[in-house]
Every structure is written in structure tokens, then in C-alpha cells.
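A short write-up of the structure that comes next.
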Amino acid sequence: MNWPVAQLTLRLLLNQKRTVLLAVLALVPVLLAAVFRWGSFEEHPADWASNRLMAQIIVAALLPLAALIFGTAALGSEIDDGTAVYLLAKPIPRWRVVVSKLVVAWLVTVAFVLMATVVAGVLALAGEGHALVVVGFAVAVIAGALAYCTVFLALSVATSRAFLAGLVYVFIWEGLVTGLFEGTRVLSIREYTLGLAGWIASLSPKTFEPELAGGQSLVLLAIVCLVAGWVGVRLLQRFETGESS
Amino acid sequence: MQSSPDLAAGNIYDLGYRRYQGARLGRRQAVLTIYLQSLRAAFGLGRRPAAKIVPVALVVLALFPAALRLGIAAATDQNIRIVEPANYYSYIQILLALFVAAQAPELVGRDLRNNTRPLYFSRAIRRSDYALAKLVALASAMLFMTALPQVVLYVGNAFAGSHVWPEMRDSAPDLPRIAVSAVALSLFMAAVSLAVAAQTSRRAFAAGGIIALFVFSGTVGGVLVEAGSALWNRLGILISLYDVMRGATFWIFATDPEPESQLGRADLPGPLYAALLAALASLALVLLLRRYMRFRP
């Protein structure tokens, strides 16, 4: 970690319209959970909370979008604006730059998504006795956010169109392709997150059944973080400053 | 350097302020030019190769269900219709959303970022002309995503069997429906996405906002309608832009949705979806126009 870099990144990420956008998006699951609580829903609370609220809205939509916005902006917007030159010209090892940027992007993503997960989960499940569902998804979201942020940060060093590439990965690969071809599920951060959540939440398979086992998900998450982090550092070490983009 | 006595000393400076002598093509030509250049930009033509990858790949992917249907027809000899024209847009809805999310910021975001709007507005166009030209250009580009696969499916269906002409004649009533639905959906998605894209000069975040709008509204509407059968659950589907588009399409094709699908569960009248589609498109158009009307250089 390098504190000045981290502080500047935090300011870069939070002083924007996108923070408002993300706050609005993070409110969506909370509102839905409130509607579930006081509306006339016919589904079982644990069933609804894990499959709809957590899996469909938070893990499949809110988490990747938040990670995409912050993960690609942390370093990508500096490269876009041309200020990356000043950062890379400082005598800070490149891996420290990557780690500082990554940690801040991760924490900001987690702040938004975790808040939504916990508040919405408690709202939907309070008094129903499935506290582990909230804990499971909270832990899984923290781990999933790290994997997503690492991948998107590496992507933002690799290409100036990282945001678009990330959108395509999230919505075409994870959204469409993994639904059609089962074998591709081992290459989807969404499935790792769901696998880890299901493992901790330990619900009966009838209620919530992720495609991947918990241990397998955890190992795959660690591999993704390490590989993407290494690629990101490597790309930044070979990054040519002064290049106009 | 040689000095010439013929020229007075001040002469080389006196070029005069000359007026443009050529033909002035006027507002109509200016609007047409913005339209054509924006249409080219929507597919990355005249831009670097990287800008072409996403739009072209999305058009190719949008053709995939039609190609699948024709591939099955070629391989099995049987005329199984697994892909119906009324359902086609639902299969490719995320591709449609990704296309507008990627290309709407491309059309308006660059002018915002580079502050080139004053250059446009100092010409013989009105501000509304600029916005409308961009809208029609994006909607035209979207026709490659909506109408083209339908036409491929229609022609392919006819040629898949041995009775080409009877088949074409029998499904001819689909043609006006395809045209109306494709134009309606293209205009709707173009208007909504441009209204979002015109708000920010950061193209990446405009893309995020557009995709979030479609994906979140779709998921929330789906969750509401799946959860119960009270009236407000059924009305919840109207939050989902995807389902509004789907409901309007079914109404245009005069078919009923599957009873188990989200639209079937909601069981709302078809004209409601169509009216809401038109209302939302108009609202988006107003927001888009307002953004340019209010601009002060």
C-alpha cells in the first residue's frame, strides 16, 4: 500500500456522479426487500432472499456493475486523462501502485454492495431464522468483489475500452454463455461467488443450489485474484508512459 | 528572397476577408450529414479497428438464433419452428441493450467531451435537429440488430422447405408486423439510451448507466411478477423495460404470451404495453431535447 496513492484514488472514485448512480442502484435491493417484507409475496423467505434478492439482483447485477465502475476507473481513468504519467514517473514500484489502486477500488465496491446485502438481507429475513444466508452472501460478496475488481483493473491497463469489454464479459459470458454451456461455469466469477455463498449459508439444496461446491469456488477465486493481479502488475510494468491514448 | 517592385509592401498581407462563394447546402444537408456520419460512427466506420469490433460482433451474435433455426432445418430435414418472430427480440434482448449501451455514448459522448457542440450549433441547424439526427441515426443502426435477423429468419424459413412461394405467402402477414415492431423497438431503445448518454461526457459511465437501466429494471420487474398474483405484483412488470418491449411486440404480432412466462403471469392488456412504450420513448425524447436546448456554450 502507498497512502498518498490510495487517498488520491479514493477521492477520484467518490467525487463523481457515478457515486450517486451507484447509491441509487444499491437502494434497489433494499427497496425490493422492504416490498417483500410488507407486501403479499407468496414465496418462502429463505428461498426468495437467496435465489431472487441475493443471486439475481445483488450477485448477478449490482456486484459486477459496482466492481466494473470502480475497478476500471481506479487506474483506467488516470490512463484516460493522461495523468497516469505523473503517477508512474514517481519512484513507487509498479506492483505497489496496482495494490493501492486495487485495495481502494475493492473497499469502495464492498462498501456499496455489502451495505445493500446486509440491509436488504436483514429486512427480508428478520425473524425468519436464516441469519446464515446474510452472512454467507456478505462474505461471498466481499470475496467476489476482490476477484471482479482485480480482473477489471488488469483489463483497464490492457485496453482503453476496458469498461465495454467488462460489460461484455459480465452480461454475455456470465449472463448468456454460462447458462447455455454448463462447462463454462468454472470460468465465471458469478458462479464462484454463488458457490461460496451457498457453502457458508448451508441451505438445503431444495432451497438454493449453486453450480459449484464451496471449496472449489474458494480455490478458483484465489486463482483468479492471483493470476489477474499478476497480469495487471506485469502489464503496468511494461506500460509505456507518454503514449497518447 | 527576391523583391519585386510590382508588389506594394503591404500587399502580401492584404488577402482580404473573402466570403465563401460556393453553393450553400443549407439546413437539410447539414442534418443529413450529421445523420450519415452518426450512422457510420454507430458501426465504427471511419474509426480505428477497435471501435468496429463490438458493434459488428453484436450484429453477428444477434443473427445467431436465426442461424440456429436454419442450421437445424438444414440438418434435420424437418420444419421445426423453434424460433418464432414474436419471440426473437426476447432472445437477443441483452445484445440489443449492449448495442445501445456501447454506441449511444459513442454518438453523443465525444461531442460532449471535446466541447464540439458550439461548432455544430453555429451552423445552419437547430439544436433539436442535432438531437433528432442522432436519434434517427442510432435507431437506423439498431434496425441492423432488430429487422435484419427477422428478415433473415423470414427468407430462411421460406427457402428451408421445398415450397418457397406458398411459405412466403403464408407468412407474409408477418412482414408489416416485423417492420412495425423493429422500428418501434429501435426508436424506443435509441431514445432511452441517448437520453442517458447525453447526461455525461464519460462514455464508460454512460454505457454503465444504460445497461444498468435495462438490466435492473428487467430483474426488478421479473422479481415482482414472479412473487405473487396480486394486482400490484402484476403491474410490477411494467417497471421492466424488457417486458414492456416484449408486451408491445406480442401485441403487434397479435399473439398471446406463454401462460407460465412473466408476461403470461402479469396478464395485462397488450395496448397498455404499447402505450407505455410510446410514452417512455416520448419522455426520453423530451429529456434528450431539453439537454441540448438548455446548453449554453
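The values are calculated or read from the model by the stated rules, or taken from the named source; none is laboratory data. Just so you know, these numbers come straight off a predicted model, no measurement behind them. With ideal geometry, Cβ positions are generated from the backbone for all residues, glycine too; neighbour counts draw on all protein chains shown. Please note that ligands, DNA and RNA were not included when accessible areas were found on the heavy atoms of the full protein model with its side chains. Shrake-Rupley method; radii C 1.70, N 1.55, O 1.52, S 1.80 Å.
State which residue pairs qualify: first residue of a type in the set (Phe, Trp, Tyr) and inside segment A:67-82, second residue surrounded by 24 or more Cβ atoms within 10 Å (Cβ to Cβ) in any location, beta carbons under 8 Å apart, and separation of 6 or more residues or different chains.
Pairs that qualify, where the first residue is of a type in the set (Phe, Trp, Tyr) and the partner is surrounded by 24 or more Cβ atoms within 10 Å (Cβ to Cβ), are A:Phe70/A:Ala105; A:Phe70/A:Val108; A:Phe70/A:Thr109; A:Phe70/A:Cys149.
Residues in segment B:225-245 that are open to solvent by 10 Å² or more (accessible area, probe 1.4 Å) and either under 15 Å from A:Gly39 (Cβ atoms) or within 13 Å of chain A (Cβ to nearest Cβ) (or both): how many?
Within segment B:225-245, residues that are open to solvent by 10 Å² or more (accessible area, probe 1.4 Å) and either under 15 Å from A:Gly39 (Cβ atoms) or within 13 Å of chain A (Cβ to nearest Cβ) (or both) number 9.
I'd like to check which helices (runs of 4 or more DSSP H) are fully inside segment A:25-141 and have at least 2 residues that are under 23 Å from A:Leu13 (Cβ atoms) and out of contact with any Pro (no Cβ under 9 Å at 6 or more places or on another chain).
Filter on segment A:25-141 gives A:63-81, A:84-88, A:94-125.
Can you give me the ranges of the helices (runs of 4 or more DSSP H) entirely in segment B:188-279 with at least 1 residues that are more than 29 Å from B:Asp174 (Cα to Cα), β-branched (Val, Ile, Thr) and touching a residue at least 40 places away in the same chain (Cβ under 8 Å)?
B:203-226
Restricting attention to segment A:101-144, report how many residues are surrounded by fewer than 23 Cβ atoms within 10 Å (Cβ to Cβ) and of a type in the set (Gly, Ala, Ser).
Adding up the residues that qualify gives 7.
Output the residues belonging to segment B:217-237 that are among the charged types (D, E, K, R) and at pLDDT 85 or above.
B:Arg234
For segment A:27-57, how many residues are at the interface with another protein chain (Cβ under 7 Å from one of its Cβ atoms), open to solvent by less than 60 Å² (accessible area, probe 1.4 Å) and farther than 13 Å from A:Ala120 by Cα?
Total meeting the criteria: 3.
Step by step: first the residues of segment A:171-189, then only those that are more than 9 Å from chain B (Cβ to nearest Cβ), open to solvent by less than 40 Å² (accessible area, probe 1.4 Å) and under 17 Å from B:Leu98 (Cβ atoms), then the one that is nearest to the chain's Cα centre (by Cα). Which residue is that?
Filtering segment A:171-189 for residues that are more than 9 Å from chain B (Cβ to nearest Cβ), open to solvent by less than 40 Å² (accessible area, probe 1.4 Å) and under 17 Å from B:Leu98 (Cβ atoms), the one nearest to the chain's Cα centre (by Cα) comes out as A:Glu174.
Condition test on B:Val59, is it within 13 Å of chain A (Cβ to nearest Cβ) and in a helix (DSSP H, G or I)?
So B:Val59 does not fit the description; no.
If only one of B:Gln103, B:Gln93 is of a type in the set (S, T, N, Q), within 14 Å of chain A (Cβ to nearest Cβ) and surrounded by fewer than 22 Cβ atoms within 10 Å (Cβ to Cβ), which one is it?
Selected residue: B:Gln93, the only one of B:Gln103, B:Gln93 that is of a type in the set (S, T, N, Q), within 14 Å of chain A (Cβ to nearest Cβ) and surrounded by fewer than 22 Cβ atoms within 10 Å (Cβ to Cβ).
Considering every residue within segment A:75-82, establish whether at least one is modelled with pLDDT of 90 or more, under 19 Å from A:Leu226 (Cβ atoms) and surrounded by 23 or more Cβ atoms within 10 Å (Cβ to Cβ).
yes
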